[in-house]
Amino acid sequence: MARFGLILAFLLPFLPAAVAAQDYDTRTLMQHRQWQVDVTYSQSSDSYWCTAGVENGSTQKFNLVAYQNEAFALFIFDPRWNLEARPVSFVVDVDRNRWNMDGSGEGTGIALSMTDAEKAAKFLVQLKRGNSVYVYNDKQQRQATFSLSGSSRAIDALFECWDTIVGSQDPF
């Protein structure tokens, strides 16, 4: 189920708008500075997920996604990318703290399932306290920069949303 939720969220940007609109109900829970938190319900899978994310001036997106089945993931999207489906190694710098990541890439996005709770917690604390996120490929070439202005409140709201969808079938 966790893998299905990750795949579903990863493929959402590729679905035709009419199909996506029919199957998904997304509501914005909060916006603060650069960040936004949404909850989404999928009719086809009868499941919810919460997203905290930021978009930069190049329409690149950095999203943290918490699923009803308790899975947690990081997604980074760039409409200019055209990635073949494959494993992807990348680097995320939160200010001066470096995180080497191994995820998967396809189309316009890369994804990482955050399965190590201790590492995920440290990463989220740095995101809450930091100023900027820099994303690099495995050749150390910068691919994206994101503001962390508003991330602390957004990550708190993401966890409130996550607690709600894990404990209830109706977060509204």
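The values are calculated or read from the model by the stated rules, or taken from the named source; none is laboratory data. A quick note: this is a predicted structure, and the numbers were derived from the prediction, not measured. Glycine gets a Cβ as well: all are built from the backbone with ideal geometry, and neighbour counts include every protein chain shown.
The single condition from (1) surrounded by 12 or more Cβ atoms within 10 Å (Cβ to Cβ); (2) over 16 Å from the mean Cα position of the chain (by Cα); (3) of a type outside the set (Asp, Glu); (4) under 21 Å from Gln31 (Cα atoms) that Val166 fails is (4).
Is it fair to say Ala157 is of a type in the set (A, V, I, L, M), surrounded by fewer than 18 Cβ atoms within 10 Å (Cβ to Cβ) and assigned to a helix (DSSP H, G or I)? Taking the combined requirement at face value, the residue does not satisfy it.
Consider the range 117-146 and keep the residues that are basic (Lys, Arg) and part of a helix (DSSP H, G or I). The one that is farthest from Gly103 (Cα to Cα) is Arg129.
In contact with a strand residue (DSSP E or B) (Cβ under 7 Å, 6 or more places away or on another chain), surrounded by fewer than 16 Cβ atoms within 10 Å (Cβ to Cβ) and small (Gly, Ala, Ser): is that true of Ser132 in this structure? Considered against the rule, which asks whether it is in contact with a strand residue (DSSP E or B) (Cβ under 7 Å, 6 or more places away or on another chain), surrounded by fewer than 16 Cβ atoms within 10 Å (Cβ to Cβ) and small (Gly, Ala, Ser), Ser132 comes out as yes. With the requirement that a residue be over 22 Å from Ser113 (Cα atoms) and at pLDDT 95 or above, what does the range 15-31 give you? Within the range 15-31, Asp25, Arg27, Thr28, Leu29, Met30, Gln31 meet the criteria.
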